[in-house]
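So the structure is just underneath, and the comments pick up after that.
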Amino acid sequence: MCGISGFIDFNKKTSIEVLEKMNRIMAHRGPDGEGYGMYETANAKIGLGHRRLSIIDLTAGGHQPKTFGSLHLTFNGEIYNYAEIKKDLEAKGHQFDSHSDSEVILHAYKEWGSDALQKFIGMFALAIYDEAEQKLFACRDRAGVKPFFYYHKDGLFLFGSELKALVQHPSFEKQINNDAVGAFLQFGYVPTPHCIFNNAFKLKPGHFLNFDIKKQEFKEEQYWNVYDAYNKPILDISLPEAIEETEKLLTSAFQYRMVSDVPVGVFLSGGYDSSCVTAILQKNNTEKIKTFTIGVPHAGMNEAPFAKEIAAHLGTDHTEYYCTEKEALDIVPQLPFFYDEPFADSSAIPTTLVSRIAREKVTVALSADAGDEIFAGYNRYDFMAKYGGSIQKIPGVLRKSAAAMMELIPADKIPVFNKKYLFHSRYEKVKSLLKEPSARNVLMSMTQQMNTKDLTELFKDSIKQMPSYFDSKDLKPDNYSVLSYMMAVDYQTYLLDDILQKVDRAGMSVSLEGREPFLDQRIIEWAAQLPLEYKYNKGNKKFILKQIVHKYIPAKMMDRPKMGFGIPIAAWLQNELKPYVDKYFDEAFIQKQNIFNNNIIQRIKNSFYHGKIERAEKVWYILMFQMWYDKWMNNN
């Protein structure tokens with residue numbers, strides 16, 4: 001895994017020094033070297049930059065930008081099946097001078113063009129400049145494991161693995177998109193393809209971009225869509241056969257992620273997903289798999305003892321670390337640099353800490369994300385299966401009347417209940433569901449931190465709802481189910497913009513490559529066609545995955561509530577982080593910033609400090625934006 005950057009400048013003003021500045025601010029992504037390529041046409045200057053983290057082919061053969069004929073490549077990620085593709089290309093007469101996957105990419109593109117993407121199993125964000133054709137080809141992997149930002153304005157096209165690389169260009173205009181700020185405060189991230197700045201975007205997963213330099217224009221095209229799998233007929237397959245075939249596929253995907261010329265480990269939380277990865281890998285490897293887990297103090301959600309028990313049962317080389325509260329808190333001021341677009345998932349803190357521990361022993365770590373999105377693991381799926389139909393059966397007149405009554409009676413005015421933790425937010429969610437009990441609204445209400453009313457009050461100027469994958473209508477009626485809809489949307493939203501961004505930035509902050517074995521496209525393409533009852537079975541989430549895990553780990557060891565990384569945000573905001581809240585919620589700061597209504601900001605803060613603990617998440621979201629703003633707009 002590495003960092004990439006580059007530009008097409010039709011004004012011909014961008015120098016190698018600017019490209020170096022763009023590239024070097026991402027030194028954490030690639031501490032093992034840097035490379036540059038500068039090219040020129042009649043109407044433009046083109047530059048490619050690369051930061052190297054040596055994983056496959058540690059020799060000079062892995063250096064980038066990589067050149068083959070007129071093609072020049074800068075590439076971030078891994079192509080796990082490059083050896084098989086290489087054999088196919090050799091059969092067609094191609095000759096290689098290294099054993100790097102980057103060289104295979106160039107030859108594959110030469111042979112098949114954009115169709116080469118269909119052959120790749122991996123995670124990747126890359127750009128290929130064709131000097132002969134004067135075209136730039138850029139693409140992003142199917143699930144969006146690897147990031148790709150770009151900016152386009154006034155004859156300048158910039159791209160990079162992180163937004164901070166683009167910001168380094170002197171012609172980049174840091175104009176905040178207030179609609180994107182609203183989306184961030186709604187979800188805790190800015191949804192793809194949007195970006196916090198105007199004229200900046202994220203390349204969508206499963207898409208490639210072709211830039212014709214002669215014509216000075218580009219277009220994006222989709223080469224893969226998760227709905228293509230969901231829109232295929234459901235398989236007629238018995239449960240035993242489905243279990244056997246699923247495990248075969250998981251084994252292939254997991255083993256691919258072990259391809260490396262440097263040490264590899266696994267993040268083991270003790271939950272089903274990471275236990276599945278660890279169990280299957282340990283079964284198929286003679287050496288002990290290195291596993292890592294971290295304990296978070298005072299969180300009340302510590303899975304480290306369970307992970308240790310599972311590691312002992314499977315016989316892994318396990319590292320357990322309990323961080324101090326100070327170690328966790330010290331991460332907070334660093335978040336705006338590494339998460340250079342506002343990001344509010346507080347589990348970025350323990351993810352960064354466990355990455356630091358792992359980096360002491362390995363350069364690559366497998367993270368078992370996406371099991372919930374693929375095999376129906378989230379509680380909101382359970383809620384919709386159990387109660388969604390009942391809510392929808394309530395006559396519309398009754399639902400709307402009840403919602404109207406709730407509009408007249410604020411949550412704060414309801415005796416006894418108004419003292420209950422999270423009552424206010426749950427009250428608002430129930431009201432929203434009564435108004436519109438659709439699957440989309442259920443998903444939105446359970447995902448968002450602030451609703452439309454909250455945002456309307458908060459902003460000084462009006463903002464618009466940004467179109468996103470939440471609005472997708474690609475699931476065909478013949479294949480529609482509420483569960484499939486919710487899993488597909490989560491795959492394209494929460495997984496993409498929250499989980500994958502969190503793991504990428506946390507790992508890269510310490511030059512650790514994170515790999516996502518569940519995001520082998522073959523797994524979702526297979527699982528999407530399985531009968532729904534094999535994923536969600538009478539209230540049992542991730543049913544088929546659990547059947548596989550129980551072959552290696554006793555069910556009694558796994559039978560406990562879903563936990564995850566817990567951070568005591570409310571307690572921190574009331575104590576150790578209070579100076580940050582006081583600084584960034586200060587009236588003078590808010591007025592100078594000129595984005596938010598100060599009275600609403602103060603109302604949120606004051607209600608939190610006067611007992612409304614459920615406001616902690618809102619305070620945290622706003623604080624994360626304010627700290628980002630201070631870092632990147634005030635350059636602090």
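Using the Cβ-Cβ distance between Tyr321 and Asp582 with R0 set to 35 Å, the FRET efficiency works out to roughly 0.65. Along the axis of the charge dipole computed for the chain (Cβ charges of +1 for Lys and Arg, -1 for Asp and Glu, origin at the Cα centre), the listed residues Phe337, Ile243, Ala588 are led at the positive end by Ala588. Annotation: amide H of Tyr223 within the under-5 Å range of His207, Phe208, sequence separation 5 or more or interchain, hydrogens built in the peptide plane. Contact order for the chain, expressed relative to its length and based on alpha carbon pairs under 8 Å spaced 6+ residues apart, stands at 16 percent.
What is the calculated FRET efficiency for Lys92 to Lys476, with r their C-beta to C-beta distance and R₀ = 22 Å, to the nearest 0.05? The formula returns an efficiency of 0.05 here. Near Gln216, once Lys and Arg are set to +1 and Asp and Glu to -1 for all other residues with Cβ below 14 Å from its Cβ, the sum equals +3. Pairs spanning more than 30 Å between alpha-carbon atoms, out of Lys386/Lys435; Lys153/Lys618; Lys288/Lys542: Lys153/Lys618. Between Asn198 and Ile391, the simple label model (points 7 Å from Cα in the Cβ direction) yields a spacing of 3.8 nm. Straight-distance candidates among the aspartates and glutamates for linking to Lys400, with alpha-carbon spacing under 12 Å and chain neighbours fewer than 8 residues away dropped: Glu436. Net charge around Ser171, counting only other residues with Cβ within less than 13 Å of its Cβ (Lys, Arg = +1; Asp, Glu = -1)? Residues close to Ser171 contribute a combined charge of +3. Near the amide H of Phe596, within less than 5 Å, lie the amide hydrogens of Lys460, all on another chain or at least 5 residues away, with H placed in the peptide plane. As a length-normalised measure over Cα pairs under 8 Å and 6 or more apart, the relative contact order of the range 173-302 settles at 11 percent.
Subtracting the Cα-Cα distance of Lys219 and Asp154 from 0.36 nm times their residue separation leaves 21.7 nm of extension gain. Taken one residue at a time, the phi angles of the range 361-367 give Karplus couplings (6.51, -1.76, 1.60, θ = phi - 60°) of 10, 9, 10, 10, 9, 8, 10 Hz. Gly and Pro are set to x. In plain terms, the chain from Leu398 to Ala27 could stretch by 127.7 nm, reckoned as 0.36 nm per residue minus the Cα-Cα distance. Evaluated with a Cβ-only charge set (Lys, Arg +1; Asp, Glu -1), the range 568-636 carries a dipole of roughly 100 debye about its Cα centre, given to the nearest 20. Run the dipole for the chain about the Cα centre, Lys and Arg Cβ at +1, Asp and Glu Cβ at -1, nothing else charged, and hand back the magnitude in debye, nearest 20. So the magnitude is around 1880 debye. Counting only residues at least eight positions apart within a chain, or on another chain, the aspartates and glutamates with an alpha carbon under 13 Å from that of Lys556 are Glu309.
Amide H to amide H distances under 5 Å link Ile289 with Asp317, where only residues 5 or more positions off or on other chains count and H is placed in the peptide plane. With 20 Å as the limit on Cα-Cα distance, the pairs of Lys283/Lys308; Lys135/Lys174; Lys393/Lys413; Lys146/Lys631 that go past it are Lys135/Lys174; Lys393/Lys413; Lys146/Lys631. In this simple spin-label approximation, Glu241 and Glu287 carry label points 7 Å from Cα along the Cα→Cβ vector, and these lie 3.9 nm apart.
Percent relative contact order of the range 123-208, based on C-alpha pairs within less than 8 angstrom and at least six residues apart?
It rounds to 30 percent for the range 123-208.
For Lys87, a cut-off of 23 angstrom between C-alpha atoms picks up these lysines, skipping any fewer than 8 places away in its own chain: Lys66, Lys110, Lys119. Here the label points at Ser114 and Asn379, each 7 Å from Cα along the C-beta direction, are separated by 4.3 nm in the simple model. Over the chain, DSSP H runs of length four or greater, each weighted -39,500 (n - 2.57), average out per residue to a 222 nm ellipticity of -11500 deg cm²/dmol. Note on Ala42 and Ser438: the extension gain reaches 137.1 nm, defined as 0.36 nm multiplied by sequence separation minus the Cα-Cα distance.
Every number here is computed from the coordinates shown, using simple stated rules; none is lab data. Here the structure is a predicted model, which means the values were calculated and not measured. When we count neighbours, we look across all protein chains shown, and the Cβ atoms used for this are built from the backbone with ideal geometry, even at glycine.
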